Amino acid sequence: MLYRFLKILLGIAIRFYYSEIRIKHKERLRQPGAKIIIANHPNTLMDAWIIGQLCKEPIYFMTKGTFFNTKWKRSLLMKLGLIPINRATDGRTKGVSNQASFELCYEVLEKGKTLVVFPEGNSFLERQLRDLKSGTARIALEILKRGKVDKVTIIPMGLIYTRGEKFRSSVLSYVGENIDPSPYFEEYKTDPTKASKKLTEVFRVELEKLLVDSKSREQDELVDEIIEVLDIESENENFDPLENKVDLVRKTHRALNQIYVHEPWKIERVQQLVQSIKWRLDKMEINANLLDNKFKPKRTIIHFMESFITVLVGFPIFVFGFIHNVIPFQFTNLIMPSLVKEIEYYAPIAVLIGIVTYPLTYVGFLFLGDYFFGIQGWWKLLYFFLMPATGLFAYYFIQKIQRIASRWNFEVLSQSDKEKIYSLNADREALKKLLF
């Protein structure tokens with residue numbers, strides 16, 4: 001009961017935090033019997049929560065033992081399907097036995113349920129796949145050795161965040177082809193270490209197929225900046241917008257990887273161009289997607305009318321949403337720097353804070369509405385649901401106003417300082433030639 005309640009609560013919170021959560025090949029998760037889902041681990045608790053939302057049935061997670069450092073935490077977390085494991089890097093947590101935890105994993109699989117493991121063993125907000133630990137392979141092969149199940153299915157899952165820490169960014173998950181560990185079972189009987197390492201290498205190959213070919217966090221950051229300043233488009237017209245974003249990330253990583261291998265001297269030039277273009281775009285307060293446009297008086301007039309109508313109609317809704325959401329939003333922004341030192345924890349901690357602060361704020365406004373205006377019954381319910389809905393509207397309205405301002409800056413510069421626009425476009429073309 002507690003698991004289902006928290007799953008619903010977290011599901012609502014996550015869908016407010018991220019604008020889109022998409023899964024490809026979800027049907028591959030619908031396998032009967034014992035299953036182990038293996039996934040990359042870029043975004044700490046958020047990864048587990050998202051996988052939990054994507055799976056209909058209750059699932060069990062192997063989780064680092066440091067979360068279980070008190071008796072009441074162990075009791076609560078294990079009721080929620082979390083199984084503690086002591087990692088070599090963390091030392092031993094009192095009350096946590098790896099042997100007992102492995103036994104719990106075997107029991108889960110022998111009952112035909114689903115176990116989720118992040119074989120990287122740690123979490124960093126980057127797109128590269130780190131070294132995999134062999135423990136997952138050992139669990140899969142050992143469960144076959146115990147003889148209580150005839151088959152266990154390994155399901156690889158790749159989690160790709162457009163900007164994992166950023167509010168209203170997106171998540172795309174790919175479910176890979178099922179992996180059968182049984183070909184390594186006979187070797188496991190005689191040489192468990194060697195067989196586990198071979199199966200772990202299969203895990204690595206299959207997971208890498210689902211992810212972006214990144215080499216480091218620094219490369220991730222450079223790719224994001226390149227996409228921002230070039231505003232390039234995907235060549236695949238069959239993709240939807242989210243898949244297009246991921247396709248562009250892949251394309252840009254591939255281009256950088258080729259340069260690193262064959263022409264490493266180009267990297268410094270790429271970085272210089274990116275920083276120069278980004279600095280000028282920020283200074284001029286314009287977006288890169290405007291640079292390919294040409295000044296047209298008729299289009300400018302139409303844009304002015306659209307902007308005026310947008311502001312006129314949307315402003316009252318924006319004010320309502322802003323008033324009812326600014327307190328928890330700003331509170332989260334103020335408190336996060338003191339709570340979170342690693343960026344990997346930003347999104348999950350922000351979600352947990354939001355689960356508490358936003359409902360409390362809305363309840364407070366309901367009380368004030370009843371006290372001052374006598375809002376009752378269905379009006380009170382409508383008022384409650386309007387607060388989060390208009391809060392999202394206010395967030396997007398601010399972005400819309402920023403885009404309008406950026407467009408007007410561009411229109412002015414297109415007439416008053418054409419050389420700056422020409423210079424920017426020349427550098428963008430130079431960057432494209434270096435990369436593609």
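Between Ser182 and Phe372, the FRET efficiency estimated from the beta carbon spacing at R0 = 45 angstrom works out to 0.05. Taking every alpha-carbon pair under 8 Å whose residues sit at least 6 apart, region 144-193 reaches a relative contact order of 37 percent.
Measure nothing fancy, just the Cα-based angle from helix 217-230's long axis to the longest principal axis of the chain, in degrees from 0 to 90, nearest 10. Computed tilt is about 30 degrees.
Each Cα pair under 8 Å and six or more residues apart adds its separation to the average, and for region 64-166 the resulting relative contact order is 18 percent.
Residues of region 112-144 falling in the label zone of Ser216, defined by backbone nitrogen less than 20 Å from a point 7 Å along Cα to beta-carbon, are 123-132.
Excluding same-chain neighbours fewer than eight residues apart, the lysines reachable from Lys189 by a Cα-Cα span under 30 Å are Lys35, Lys64, Lys111, Lys113, Lys133, Lys145, Lys148, Lys151, Lys197, Lys198, Lys209.
Here His262 sits with roughly 130 square angstrom of accessible surface, probe radius 1.4 Å.
Contact order for the chain, expressed relative to its length and based on alpha carbon pairs under 8 Å spaced 6+ residues apart, stands at 17 percent. At full extension, Asn289 and Asn257 could sit 9.0 nm farther apart than now, given 0.36 nm per residue minus the alpha carbon distance. Given the whole protein assembly as supplied and a 1.4 Å probe, what does the accessible area of Asp90 come to in Å², nearest 10? Here the residue's solvent-accessible area equals roughly 60 Å².
The angle between the Cα long axis of helix 44-54 and the main principal axis of the chain comes to about 80°, on a 0 to 90 degree scale.
Annotation: extensible slack from Asp282 through Lys432 equals 52.0 nm (criterion: 0.36 nm per residue apart, minus Cα-Cα distance). Taking every DSSP beta bridge that has both ends in the chain, the antiparallel portion is near 20%. Residues Leu431, Leu104, Leu10, Leu381, sorted by accessible area with the largest first, give Leu381, Leu104, Leu10, Leu431 [1.4 Å probe; ligands and nucleic acids excluded]. Per residue, the chain exposes 54 Å² of solvent-accessible protein surface, assessed with a 1.4 angstrom probe and all protein chains in place. Sites listed here are GluC sites (Glu not before Pro) in region 302-372 whose DSSP assignment is loop and whose Cβ has at most 15 other Cβ atoms within 10 Å: Glu342. The long axis of helix 297-339 is offset from the longest Cα principal axis of the chain by roughly 40 degrees.
Heavy-atom accessible surface of Glu201, to the nearest 10 Å², is about 80 Å², with a 1.4 Å probe and all protein chains retained.
The values are calculated or read from the model by the stated rules, or taken from the named source; none is laboratory data. Keep in mind that what you see is a predicted model, and the values were worked out from it rather than measured. Positions of Cβ are generated from backbone atoms using ideal geometry, with glycine treated the same way; all protein chains shown enter the neighbour counts. Remember, those area values only see protein heavy atoms, side chains included, never the ligands or the DNA or RNA. Shrake-Rupley method; radii C 1.70, N 1.55, O 1.52, S 1.80 Å.
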